[in-house]
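Note sheet for the following structure.
Any read-out appearing in this document is the output of simple, stated calculations on the displayed coordinates, not a laboratory observation. Predicted model only: the values in this text are computed from it and were never measured. Every residue, glycine among them, receives a Cβ derived from its backbone with ideal geometry; neighbour counts consider all protein chains shown.
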Amino acid sequence: MKNFYTICLLLLSIGVFAQEAGKAGELLKNEVKDNEINTQLNSRHATQNNNVTPKVKNRKGTETGRRSSNSTDYRWNYNYGNAEVFLRIPENGRFTVEIGDQMMSNATGKFRFFELPAGSIPISIYDDNFLIYRTRLLLRNNTRTVLDFFSDYGLYLLGNFPQQNQAYGVNEWDDIWNSPYMNQQNNWNGNQSYYGSQENYGTSGYYGNVMSNQEFSQLLKAIKRDADFDDSKIGMISSVAQHSLFNSEQVYSLVKTLSFEKGKLEVAKQLYPKCVDKQNFYQVYKAFSFDSSKRELSAFISNG
């Protein structure tokens with residue numbers, strides 16, 4: 001009987017702590033079109049898979065595969081950027097990942113990209129050299145973007161974490177990806193700093209992938225410059241909110257850009273789950289003109 005209870009306890013612990021595909025992070029939409037799905041990476045990779053070594057010609061048309069020896073076009077100390085992307089594909093098989101102008105292929109399922117430029121960068125994923133997924137990542141300098149990919153579920157953004165003096169802050173590489181799943185019981189959504197404990201959360205001024213003051217200022221300028229009506233403004237805010245978090249003061253500023261209560265309520269409700277300091281969300285109420293709107297927002301938060 002004692003062994004029976006021991007086995008039951010073991011199975012229960014496995015069920016509680018086991019990771020599950022698609023249960024952590026934010027799903028990034030696949031932008032591959034129907035006519036592109038399963039297209040080959042390129043003929044070069046296809047040829048290599050057939051164990052045929054192609055003849056490579058250099059600039060002078062020879063087949064040595066070597067460049068001219070008198071070239072002095074060296075790129076000393078050339079810096080593309082300081083962003084990083086760590087992607088895990090926990091499936092059997094050989095995958096190829098292409099981010100910007102960098103490409104990596106292996107069967108280990110772990111892809112670590114360094115010196116990536118900041119900004120909106122395309123990412124493509126190939127299974128056995130056939131395109132299966134493509135989207136864009138919003139990368140920031142001195143920040144590591146951590147992702148998980150599952151063929152049947154999609155690409156999930158687990159969080160953006162600051163590089164601290166070029167230190168990785170982990171003893172095991174797997175912890176970089178596993179940590180978000182372990183924090184599910186704390187309703188982890190990318191808010192908690194990867195390098196800090198829950199007790200110290202936010203005390204260093206860093207909340208996951210919350211927008212910096214400079215980035216947020218640029219967003220406000222873009223909204224005021226490019227969007228004349230509430231529908232356009234809401235569209236821009238929704239697009240940015242897919243990949244970013246906000247503090248309550250930023251949410252207030254975004255809500256204030258709208259003219260009508262209906263749009264203000266829509267944005268406030270949409271950004272509440274993205275707010276990293278919900279204890280200060282009361283500041284957002286100041287953006288509303290009518291008490292009825294404040295009551296509706298309060299009811300939404302209470303029922304959430």
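Residue-wise, which Karplus ³J(HN,Hα) couplings in Hz belong to the range 118-134, taking 6.51 cos²θ - 1.76 cosθ + 1.60, θ = phi - 60°, and x for glycine or proline?
Using θ = phi - 60°, the values come out as 6, x, 8, 10, x, 10, 10, 10, 10, 10, 6, 6, 10, 5, 10, 7, 8 Hz.
Let me check I've understood the local charge: for Gly93, count other residues with C-beta under 11 angstrom from its C-beta, Lys and Arg +1, Asp and Glu -1. What total comes out?
The answer is -2.
Net charge around Lys256, counting only other residues with Cβ within less than 9 Å of its Cβ (Lys, Arg = +1; Asp, Glu = -1)?
For residues surrounding Lys256, the net value is +2.
Using the basic label-point model (7 angstrom from Cα toward the beta carbon), what is the Glu31 to Met104 distance in nanometres?
Once both label points are built, they end up 2.1 nm from each other.
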